[in-house]
Amino acid sequence: MRCVLKRGLFFLLLTASLTAAPDNSILGCTQSLKSIATSLEMYASDHGGGYPASLKELTPTYLKSIPTCPAARKDTYSGSWRVAGGEGFYMFCAGKNHADFGLKTNEPTCSARHYLGPASLLPRLHKLQDKGAKPVARCLQNLKNVATALEMYASDHNGHYPETLKQLEQAHYLHAVPMCLDKDAYRYRVKTRPDGFQLHCPGRNHAKDGSPRDFPTYDSEKGLRRE
């Protein structure tokens, strides 16, 4: 999964195709935003879907420290952080730190809406975790947990995802890899150029809920397929 920022990865990929290599400071900045966003989802999981009032609340439990922008060499994110409507968030790299590479002031940005990773699985899914939830709701939550673990793994491995989900368990990113209906293993595939992954529920396990085949599906670039 990437941190798709408003203008984010698409801009970087387009530029990379026209130049020798994308600017490392922007890649580092987007990785910092991605790390914060992943930690925010972990926080929300433990707090009923709510986000913290300040990024400082993420440390030291969810982040050892707030990451810095490589270009500015300081935390340029905390001052811009805000919770949006109780079910989202918004932040950006404050200043003209990447102007030399064509970004505007206060870019890149990151929000729950434009962050196509665990954060795109909005906290309202936490409301589906009760005992009476349909199997598809529990399956959606499973995908969120696995996607978050994949992002944590990638953050610790230079942006690369594991070859198998079992590696998440072996490296202690998940206590155990969940299965749909406690019997069917999720199907996982690593993508490259850029690094990413696809994850989906096998078969038609949720046909009774009116769901299509291979649903739910999660793609690191496109986010969650909800219907």
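Read the figures in this text as sums done on the coordinates, not as results from a lab. These numbers were taken from a predicted model, which means no experiment stands behind them. As a convention, Cβ positions derive from the backbone with ideal geometry for all residues, glycine included, and neighbour counts pool all protein chains shown.
Side notes on the structure shown:
- Highest average packing first - 143-154, 60-71, Cβ atoms within 10 Å: 143-154, 60-71
- Neighbourhood net charge (12 Å Cβ-Cβ; Lys/Arg +1, Asp/Glu -1) for residue 47: -3
- Label sites at residue 163 and residue 183, each approximated as a point 7 angstrom past Cα along Cα to Cβ, lie 3.1 nm apart.
- Note on residue 84 and residue 155: the extension gain reaches 23.0 nm, defined as 0.36 nm multiplied by sequence separation minus the Cα-Cα distance.
- Estimated inter-spin distance, residue 207 and residue 99, nm [label 7 Å along Cα→Cβ]: 6.1
- Spin-label model, residue 61 to residue 175: label points 7 Å out along the Cα-to-beta-carbon direction sit 1.6 nm apart.
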